[in-house]
Amino acid sequence: MAGVNTIPERLRNFNVYLDGSNDLKGVADIQLPSFELMTDTVKGAGIAGEYDSPTLGHFQSMKLSLSFRTVTREMFGLLRQKSQRLDCRGALQLYDAGEGASKTVAVKVVVQGPTTKVDPGKFETGSAMDGSAEVEALYLKIDYDGKTIVEIDKLNFICVIDGVDQLADTRKALGL
């Protein structure tokens, strides 16, 4: 557990697992999904202008992007026409100013959904091939230091942010 006066410094290292067990070899980096809420413009009587109103617990398309150094069997395994589950586990480095020492905090990102794109990259002598893949995040969970801070499950009306279930009332109203 990080102290009061800690400074987040860097992701020390990470690993990626496909479907909970297979190490996804050849991954150079990962671009995590952005959180962009679905909005609608509100305007009309009683409003001096207009504004974009977010729909509680509803997000635009969210994609996780993987960059590969070269083509791998695991990269092409992402082309299977089924939902993929990626477990991204990292070790964050924090500096604890009170103790004068570096600390390690675990971060875990789980994304599940279909692959929407695989780009094998290019052939160039003596160079990385720079391939990539994208997975649509229908389910996303982020754990920080053993505590879940974000869990979004688009198909089951779950949106928990820092322990607050944003869609509990919606599920209740829908009889779910």
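Worth a mention:
- Expected-Rg normalisation [2.2 N^0.38 Å, Cα atoms] applied to region 72-121: 1.77
- Percent carbon-and-sulfur accessible area, region 27-176, ignoring ligands, DNA and RNA, probe 1.4 Å: 52
- Where LYS172, LYS25, LYS63 fall by accessible area, highest first, once all protein chains stay in place (1.4 Å): LYS172, LYS25, LYS63
- When you restrict to C-alpha pairs under 8 Å that are six or more residues apart and normalise by the size of the chain, the relative contact order lands at 22 percent.
- Cross-link pairs beyond the 31 Å C-alpha cut-off, checked among LYS43/LYS82; LYS25/LYS172; LYS43/LYS117; LYS82/LYS108; LYS43/LYS147; LYS25/LYS103: LYS43/LYS82; LYS25/LYS172; LYS43/LYS117; LYS43/LYS147
- Full-extension gain in nm, ALA45 to LYS82, via 0.36 nm per residue minus C-alpha separation: 8.6 nm
- Accessible area, probe 1.4 Å, largest first, for residues ARG10, ARG80, ARG73: ARG73, ARG10, ARG80
- Helical content of the chain, expressed as a calculated mean residue ellipticity at 222 nm, amounts to -1500 deg cm²/dmol (DSSP H runs of 4 or more residues, -39,500 (n - 2.57) each, divided by residue number, nearest 500).
- For SER127 and SER102, a Förster radius of 30 Å and the Cβ-Cβ distance give a FRET efficiency of 0.30, rounded to the nearest 0.05.
- Distant alpha-carbon pairs in the chain (separation over 31 angstrom), percent: 32
- Rolling a 1.4 Å probe across the protein heavy atoms gives the chain an accessible surface of 61 Å² per residue.
- Listed residues VAL27, MET62, ASN13: farthest to the positive end of the dipole of the chain (Cβ charges): VAL27
- Summed residue charge, Cβ within 15 Å of PHE76's Cβ, Lys/Arg positive, Asp/Glu negative: +2
- Coil-residue GluC sites (Glu not before Pro) of region 1-109, DSSP, other Cβ within 10 Å capped at 12: GLU36, GLU99
The values are calculated or read from the model by the stated rules, or taken from the named source; none is laboratory data. Computed from a predicted model, the values in this text were never measured in an experiment. Cβ coordinates were reconstructed from backbone atoms using ideal geometry, including for glycine residues, and neighbour counts include every protein chain displayed. Accessible surface is based on the protein model in full, side chains and every heavy atom, while ligands, DNA and RNA are left aside. Shrake-Rupley method; radii C 1.70, N 1.55, O 1.52, S 1.80 Å.
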